[in-house]
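Taking it in order: structure first as structure tokens, then the write-up.
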């Protein structure tokens with residue numbers, strides 16, 4: 001039987017960081033689940049949910065990761081998620097949505113409100129500011145679970161909201 005662990009770390013970004021962490025977890029017998037990695041300036045943020053063999057403790061996992069040279073000066077947290085029950089069905093993604101264009105303060109808030117109005121759950125959200133010929137362009141990717149009976153109206157609202165703000169919006173059913 002396996003136990004579920006959540007690992008969160010923040011440290012200076014270094015070449016080989018993802019390989020070192022995932023390799024050490026593999027050596028411990030981990031099976032990676034939801035994983036997120038991003039660089040924020042010169043800082044790397046890495047969050048992992050994984051299942052570990054019962055024989056590997058939280059402390060052993062933390063010590064094995066902390067010993068990695070790539071994690072020098074890292075803020076490292078290893079523990080059990082608050083909800084160790086089986087993953088909720090709410091994590092099933094039904095749609096992938098991409099919104100892009102110029103800077104529009106409040107965009108994420110307005111989109112999140114639209115999803116909430118239709119009982120949809122945001123499963124994953126990433127937002128990036130990209131260099132463009134005309135300055136900056138923003139790219140927001142959202143993976144969501146939309147109830148089947150509200151799918152068309154929710155997607156129409158999200159598309160209309162984006163277009164009202166002068167942004168491009170595309171989506172696909174998964």
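Read-outs: derived from the displayed coordinates by stated rules, not from any lab. From a predicted model like this one, the values you see are computed outputs, not experimental measurements.
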Quiz item: Helix 107-117 versus the longest principal axis of the chain: what angle, 0 to 90°, nearest 10, using Cα atoms?
Solution: 90
Quiz item: Expressed as a whole number of Å, what is the distance separating the alpha-carbon centroids of region 26-67 and region 91-131?
Solution: 27
Exercise. Note the listed values (i) 16.2; (ii) 17.7; (iii) 18.3, then indicate which one is Kirkwood radius over Cα pairs in Å calculated from this particular structure.
Key: (iii)
Quiz prompt | Contact order relative to length of the chain, as percent, for alpha carbon pairs under 8 angstrom and 6 or more apart | solution = 22
Practice problem: Evaluate the relative contact order of region 89-173 (contact order divided by residue number), counting alpha-carbon pairs under 8 angstrom at least 6 apart; express in whole percent. | Solution: 45
Quiz item: What angle do you read, to the nearest 10 degrees and between 0 and 90, between the alpha-carbon axis of helix 151-164 and the longest principal axis of the chain?
Solution: 80
Exercise. Report, to the nearest 10°, how far helix 17-27 tilts away from the longest principal axis of the Cα atoms in the chain, using its own Cα long axis and a range of 0 to 90°.
Key: 50
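On alpha carbon coordinates alone, what is the Rg over Rh value for region 1-49, Rh being the Kirkwood radius? All intermediate terms of the calculation are to be shown ahead of the outcome.
Values: Rg = 11.3 Å, Rh = 11.4 Å.
On the Cα set of region 1-49, Rg over Rh gives 0.99.
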Quiz item: Of 102, 33, 16, which is the most mobile in a GNM of the chain whose springs link Cα atoms less than 10 angstrom apart?
Solution: 16
